[in-house]
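The structure under discussion appears below in the form of structure tokens.
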Amino acid sequence: MFQRKDVNTLDINTEKIDTIIGKNTTIEGNIKSQGAMRIDGNVTGKIEVQGSIIIGESSKIEADIKADNISVSGEITGNLTINNQVQITSTGKVYGDIEVQNLIIDEGAIFDGNCKMNKKINNSADNQPKKKDNK
């Protein structure tokens, strides 16, 4: 009855990861970074990345996260504010609200929260509403 569609999965070049937090690492505090990041350990605090984040299967995150893209295979408790795409893989768990443009949830994943889907924002002058003349 239902057939699985081939969907675009999040494509992050793992050779260009700038920051790696290993599975035996625990961080308490805020993280700000530019470029791709992979987290396999535990983080408590706040994460803000200008780039993409990969959350590995062994990770446990208690943080609000802001990023361009995120792929979740571990567990996140916190809100996600993502510019482009969220992918929750079959082993991924997200407990919190998501604000994103595109959302992919694989079979077997857990998502407990609300989702707000945003349209792509184009800041060009051509797409701005025209002002009325008040004469």
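The values are calculated or read from the model by the stated rules, or taken from the named source; none is laboratory data. The model shown is predicted, which means the values in this text are computed figures rather than measured ones. With ideal geometry, Cβ positions are generated from the backbone for all residues, glycine too; neighbour counts draw on all protein chains shown.
In the set (1) of a type in the set (Gly, Ala, Ser); (2) more than 21 Å from residue 113 (Cα to Cα); (3) part of a loop (DSSP other than H, G, I, E, B), residue 90 fails one condition alone, (2).
Between 61, 76, the distinction of being in a strand (DSSP E or B), in contact with a Phe, Trp or Tyr (Cβ under 9 Å, 6 or more places away or on another chain) and either crowded, with 22+ Cβ neighbours inside 10 Å or hydroxyl-bearing (Ser, Thr, Tyr) (or both) belongs to 76 only. Tell me, please, whether a residue that is touching a Leu at 6+ places or on another chain (Cβ under 6 Å), among the small types (Gly, Ala, Ser), under 22 Å from residue 24 (Cα atoms) and touching a residue at least 12 places away in the same chain (Cβ under 8 Å) can be found in the range 87-100. No; the residues of the range 87-100 include none that is touching a Leu at 6+ places or on another chain (Cβ under 6 Å), among the small types (Gly, Ala, Ser), under 22 Å from residue 24 (Cα atoms) and touching a residue at least 12 places away in the same chain (Cβ under 8 Å). Of the residues making up the range 24-38, at least one is of a type in the set (S, T, N, Q), surrounded by 12 or more Cβ atoms within 10 Å (Cβ to Cβ), within 15 Å of the chain's Cα centre (by Cα) and modelled with pLDDT under 95.
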